[in-house]
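Comments concern the structure below.
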Amino acid sequence: MQCGVKSHLNEERECPFIITAVIRIAPPKLFLSWHGVKHPVRTRFLAVSFFTATLPLLYPQDTPAVPATSPSPELPAALKNLEGLWVGTALHQSESAEIAYEFGLYKGKLLAKEWLPKLHVFGAPVGYVAEKATGFTIPGLDLDFSIEDDHLIGEFGLTELPIRLERSNRALPTETVPPASESIPKIAWSYQAPGGIWANPVAAGSTVVVGDSGGHLQALDGTNGQRRWLFDAQSPLHGEPAVAGDAVYFLADNGRLFKVTLSSGKLIWKADLGGGGKRSLPGSPDGWDYSSAGPVVADGKIYIGGGDGTFHALDAENGKEIWKFKAGDKVRATALVTGNRVFFGSFDHYIYGLDRETGKQVWRFDTGSAVNTAPVLAEHKIVVGTRRMAARPGLFFIGCLG
């Protein structure tokens, strides 16, 4: 099956998603990931230091090359001055990366293409340039810039990443395919899911459970990839499921929490937690809201946060609410349950510590930026990451007493 995706140029594309399992020996491990086919849309997940968060993940492959020619009379005077190639460096604290933009006329607009070799981006169309009061912007990339002393000066608005470019006529690098290596594990099996896979799969014995953006939770045989059952939640799944005994718990984007059997996928109960809403892909000016909290099952209770900022404790047996706590914004990361406390982060910048039995706030800590990662415990300290990428640390070590 195929699922529709939309590129940064607002052109509809079709892209099948495949889940692939690789088995390694010594020690044996099962690795799963999803991959988009190269045509007509290339899909990339990039995990290289800071610069990962600054780029769109989807871009079309069939956009004509941007001409590096003389200014075009069809463009306004201010945009004409941008045409051509600009090369420079993007900086963040001790990190740096070569970056280039090429601007050219396409369908009566000024189209921008981006080069960032450190992240294997070579001439990716990232959007059309628009004028603004203080210079120019590429809305799809959330990049604002201006021309100062014949240099292109700008920054990524969400990350405050500064860039400084100058005109250039040199040839830009092209993508190279690494040679095949015998050390790369062979694919043991693959499974084509009905939608994109945004959250981690969960292994329970010989069963692998994974959700997709088409709203399907599916259980696969971990030895051969054959599907054992499929449950249609009728709403996208962007969070990791949780398995406890013969039960699987998972949250759908419409705010419904489900409990189904691990053995057959039969519905046991569902609870409407609220907080459902529209998602946005990375690179969107709407706030990079593309993940969901996963449920945590502990001592017969389920702990989970939602898109309306409400954190819930429910009875795992019947889905009845035990207590709830209201944070100031969305809760999109899985909580940490330890001892008599439950810890979670919110888009309101805070890490919260609650009493597990009552849901009362014990303390909260202001990180200064949206918290979109699950906290972990290390030597009696809570470790959590945030979206802060400049001016202030993005990783925090917090004592369990706050």
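Worth pointing out:
- Meeting the requirement of 1 or more residues that are touching an Asp or Glu at 6+ places or on another chain (Cβ under 8 Å) and not aromatic (Phe, Trp, Tyr), the strands (runs of 3 or more DSSP E) wholly within segment 172-275 are 187-193, 202-204, 207-211, 216-221, 227-232, 256-261, 267-272.
- Identity of the residue in segment 314-330, without any contact (Cβ under 8 Å) to a residue 60 or more places away in the chain and within 19 Å of VAL243 (Cβ to Cβ), that ends up surrounded by the most Cβ atoms within 10 Å (Cβ to Cβ): LEU314
- Each residue in segment 103-122 was checked for being surrounded by fewer than 18 Cβ atoms within 10 Å (Cβ to Cβ) and within 15 Å of TRP86 (Cα to Cα), and 2 pass.
- For segment 253-270, taking the residues that are out of contact with any strand residue (DSSP E or B) (no Cβ under 7 Å at 6 or more places or on another chain) and under 14 Å from GLY306 (Cα atoms), the one that is surrounded by the most Cβ atoms within 10 Å (Cβ to Cβ) is identified as ASP253.
- Filter result for the condition that a residue is modelled with pLDDT of 75 or more, of a type in the set (A, V, I, L, M, F, W, C) and closer than 30 Å to ARG387 by Cβ, over ALA78, ALA112: ALA112
- Filtered residues of segment 347-367 (kept if touching a residue at least 24 places away in the same chain (Cβ under 8 Å) and over 14 Å from LYS324 (Cβ atoms)): PHE347, ASP348, HIS349, ILE351, GLY353, VAL362, TRP363, ARG364, PHE365, THR367
- Top-ranked residue in segment 294-318 [being among the charged types (D, E, K, R) and part of a strand (DSSP E or B); ranked as nearest to LEU354 (Cα to Cα)]: LYS301
The values are calculated or read from the model by the stated rules, or taken from the named source; none is laboratory data. Keep in mind the model is a prediction, meaning the values are calculated, not measured. Note: ideal-geometry Cβ built from the backbone for every residue, glycine included; neighbour counts use all protein chains shown.
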